[in-house]
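Student: Next up is a structure, given as structure tokens.
FYI, it's all coordinate maths here, none of it is from the lab. Please read these numbers as outputs of a predicted model, since none were measured by experiment. For neighbour counting, all protein chains shown are included, and Cβ atoms are generated from backbone atoms with ideal geometry for every residue, glycine included.
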Amino acid sequence: MISESNLNRYRLFCAVAEAGSISAAAERNFISQPAISKAISKMEDSLSTALFFRNHNGVSLTPEGQTLYEELRNAFDIIKNGEERLRVINEKGIGHLRLGASGVLAKNVLMPYLKRFVSENPHVNITIECKSSSQIARILSDGGIDIALMVKPITVSDIDCKVIGQIHDAFVCTREYRDNLNRGNQNSQLKFWNDANIMLMDTSNASRIHIEKYFKDEGITPQKILEVTTMDMLIEFAKIGIGVACVIEEFVEKELESGELIKIPLSKPVPGRDIMFATAKYAKITNSMQKFINMYSK
């Protein structure tokens with residue numbers, strides 16, 4: 001790694017090579033002539049090479065000095081180009097944003113807002129990681145993504161959260177399935193959990209964990225459980241009438257409004273859950289991350 005003192009000497013060396021004299025380089029760089037002479041001498045000593053020919057008209061590069069100058073000039077051009085790119089990035093808002101969410105949250109919550117964000121920030125490159133909520137939490141904690149869209153309960157602790165809303169779990173089915181379930185049953189509420197096919201997410205899913213706690217708190221023990229790996233499949237299975245699906249109510253609003261699905265009334269509603277954006281607790285918040293988070297506050 002190049003030290004700051006060596007980097008300054010390289011800059012002075014290039015200045016002398018371009019000016020053709022130590023005195024001219026000293027004047028242009030607002031530094032004393034002895035200081036430049038000393039810096040050049042130290043370079044030549046450390047490299048065991050003469051870098052300049054000295055004469056009464058000034059200095060000129062030795063072949064070795066010319067080789068070093070050309071390489072340093074290329075290096076300084078690269079540094080200059082890098083600084084210019086950073087300036088353009090800051091001015092135009094160019095950046096890279098790595099997002100993560102479960103498939104159902106990405107589809108129903110993230111995508112509508114992402115369209116607006118891309119429209120307002122066209123120079124930001126975006127990648128999206130879609131995995132289960134527990135996997136997304138671990139990836140966020142490990143620094144693999146910048147922002148995660150998550151729902152309580154959260155399985156990791158070293159994150160900061162910003163709540164943006166709530167979702168509500170509901171049990172839905174077709175009207176026909178409900179009517180068949182109730183047929184000949186005077187007190188359907190008492191036998192509902194024994195007779196219905198209850199369709200749930202798999203046991204590692206955050207929604208399932210939340211519902212299992214609800215079952216435990218309410219003393220409910222469903223007898224017929226069908227596990228499905230995605231929320232979309234739960235909804236589709238409910239729509240073809242094979243059971244009662246536990247889904248996010250906000251994600252089936254159209255089906256409920258049209259009557260394609262109906263909501264099963266419960267003696268006590270399932271508590272709502274916070275939706276939140278999460279960032280790693282010790283992560284540096286970039287401009288792109290801040291813009292994205294701020295968008296949800298508008």
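Student: Using only helices, what value at 222 nm comes out for the chain when you add -39,500 (n - 2.57) per DSSP H run of length 4 or more and divide by the total residues, to the nearest 500 deg cm²/dmol?
Tutor: About -14500 deg cm²/dmol.
Student: Among the trypsin sites (Lys or Arg not before Pro) within region 161-263, which fall in a DSSP loop and have no more than 10 other Cβ atoms within 10 Å of their own Cβ?
Tutor: ARG183
Student: Output the 0 to 90 degree angle, nearest 10, between the alpha-carbon long axis of helix 4-19 and the longest principal axis computed from the alpha carbons of the chain.
Tutor: Taking the Cα atoms of the chain, the angle to 4-19 is about 50 degrees.
Student: Let's see if you can work this out: charge +1 on each Lys and Arg Cβ, -1 on each Asp and Glu Cβ, no other charges. What is the dipole magnitude of region 4-91 about its Cα centre, in debye to the nearest 20?
Tutor: Values: 10 positive and 12 negative charges, 43 e Å.
It comes to approximately 200 debye.
Student: Identify, among ALA19, SER119, MET199, the residue whose Cα sits farthest towards the positive end of the charge dipole of the chain, taking +1 on the Cβ of Lys and Arg and -1 on the Cβ of Asp and Glu, with the dipole about the Cα centre.
Tutor: Farthest towards the positive end: SER119.
Student: Continuing with this model, one more query. At each listed q (0.18, 0.27, 0.34 Å⁻¹), what is the log10 of I(q)/I(0) that the Debye formula gives for region 114-159 modelled as equal alpha-carbon point scatterers?
Tutor: Evaluating at q = 0.18, 0.27, 0.34 Å⁻¹ gives log10 I(q)/I(0) of -0.61, -0.97, -1.30.
Student: Could you state the angle between the C-alpha long axis of helix 63-92 and the longest principal axis of the C-alpha atoms of the chain, as a value from 0 to 90 degrees rounded to the nearest 10?
Tutor: Here the helix axis deviates by roughly 40 degrees.
Student: Averaging over every viewing direction, what projected area does the convex hull of the Cα atoms of the chain cover, in nm²?
Tutor: Its Cα hull, projected and averaged over all orientations, spans 22.6 nm².
Student: Ok, one more. If you place +1 on the Cβ of every Lys and Arg and -1 on the Cβ of every Asp and Glu, how big does the dipole about the Cα centre of the chain come out, in debye to the nearest 20? Don't skip to the answer; put the middle values down first.
Tutor: On the way: 36 positive and 36 negative charges, 86 e Å.
The dipole magnitude comes to about 420 debye.
Student: I've got another one for you. What is the Cα centroid distance between region 1-62 and region 157-174, reported in whole angstrom?
Tutor: 65 Å
Student: Hey, another quick one. Using C-alpha positions alone, give me the convex hull volume of region 4-91 per residue in cubic angstrom. Walk me through the intermediate numbers first.
Tutor: Values: hull volume 8.9 nm³, N = 88.
Roughly 101 Å³ of hull volume per residue.
Student: By how many degrees, 0 to 90 and rounded to 10, does the Cα axis of helix 111-120 deviate from the longest principal axis of the chain?
Tutor: 30 degrees
Student: Can you compute the radius of gyration and Dmax for region 106-226, using only the Cα atoms, both in Å?
Tutor: Final numbers for Rg and Dmax: 19.3, 63 Å.
Student: Also: Taking N as the number of residues in region 169-271, what is its alpha-carbon radius of gyration divided by 2.2 N^0.38 Å?
Tutor: 0.99
Student: I would also like to ask the following. Considering only the chain, what is the antiparallel percent among its DSSP beta bridges, to the nearest 5?
Tutor: Taking every DSSP beta bridge with both residues in the chain, the antiparallel ones total about 55 percent.
Student: Under 15 Å from the Cβ of ARG183, count the other residues' Cβ atoms, weight Lys and Arg +1, Asp and Glu -1, and hand me the total.
Tutor: So the surrounding residues net to 0.
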